[in-house]
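Novice: Pasting a structure here, questions to come.
The values are calculated or read from the model by the stated rules, or taken from the named source; none is laboratory data. The structure presented is a predicted model; accordingly, all values stated were derived computationally and were not measured. As a convention, Cβ positions derive from the backbone with ideal geometry for all residues, glycine included, and neighbour counts pool all protein chains shown. Just so you know, the surface numbers come from the protein's heavy atoms only, side chains and all, with ligands and any DNA or RNA stripped out. Shrake-Rupley method; radii C 1.70, N 1.55, O 1.52, S 1.80 Å.
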Amino acid sequence: VVDGGQSATPDAYSQALSPLVTPRLFRIHRGNERLPFSTPVDWIFVIRLVLTFAAFLLGYDAVCGERRAGTLKLVLTFPVPRWKVFTGKLLAIWSVLAAPFLGAAAVSLAAARLGGVPFQSGDLPKAVLVAAVGLWVLLLSALAALLVSSLARDSSTSLGILVWLW
């Protein structure tokens, strides 16, 4: 690669039966031929790792941090049921992460369409299904983060449990 002037490492080689003939290095797979200049976004990776980790980071301190600071007692003195306080925190975490996720997915589809990628009839329902699964995973991750945060005594314990779950 260094002396040959190649920009990418080869993934295959051809060796003759004679040891005097040097092996020929070449690439079999060059990636997506429709989008040759960029690597496509792996949305399943984004959903599984990035969204869950972001939800855990936003929610690990939501309840136990307020309990430690003393503001949870103040919030619970108002005539608002506890489930509404918990639901408000859940919807806040979910909406903060759902809006950029859906926006990035829409921009990705628009860029693919403008880049000349042809769509078949079943591609849009699949994209909607992936987005719905992403929103569902995001909601469950935020719910798990809030549940662990409400059961833990301090933030470090909550974060440790959530990192273990992640």
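Novice: Considering only protein heavy atoms and a probe of 1.4 Å, how much of the accessible area of the stretch 36-166 is carbon and sulfur, as a whole percent? Walk me through the numbers on the way to the answer.
Specialist: On the way: 6180 of 8400 Å².
Here it works out to 74 percent.
Novice: How much accessible area does residue 58 have with a 1.4 Å probe, in Å² rounded to the nearest 10?
Specialist: Ignoring ligands and nucleic acids, residue 58 comes out at about 80 Å².
Novice: While we're on this one: Near residue 66, within a Cβ-to-Cβ distance under 10 Å, what is the net charge of the other residues, with Lys and Arg +1 and Asp and Glu -1?
Specialist: +3
Novice: Next question. Among rounded, prolate and oblate, which fits the stretch 45-119 when a ≥ b ≥ c are the square roots of the eigenvalues of its C-alpha gyration tensor, a/c under 1.5 means rounded, and a/b larger than b/c means prolate? Don't skip to the answer; put the middle values down first.
Specialist: On the way: a/c = 4.96, a/b = 2.86, b/c = 1.73.
Prolate, because a/c is 1.5 or more and a/b exceeds b/c.
Novice: Quick one: net charge of residue 153's neighbours, Cβ under 9 Å, K/R +1, D/E -1?
Specialist: Around residue 153, the surrounding residues sum to +1.
Novice: Over the stretch 53-94, average the accessible area per residue using a 1.4 Å probe and give it in Å², no decimals.
Specialist: Values: 2700 Å² over 42 residues.
About 64 Å² of surface per residue is accessible.
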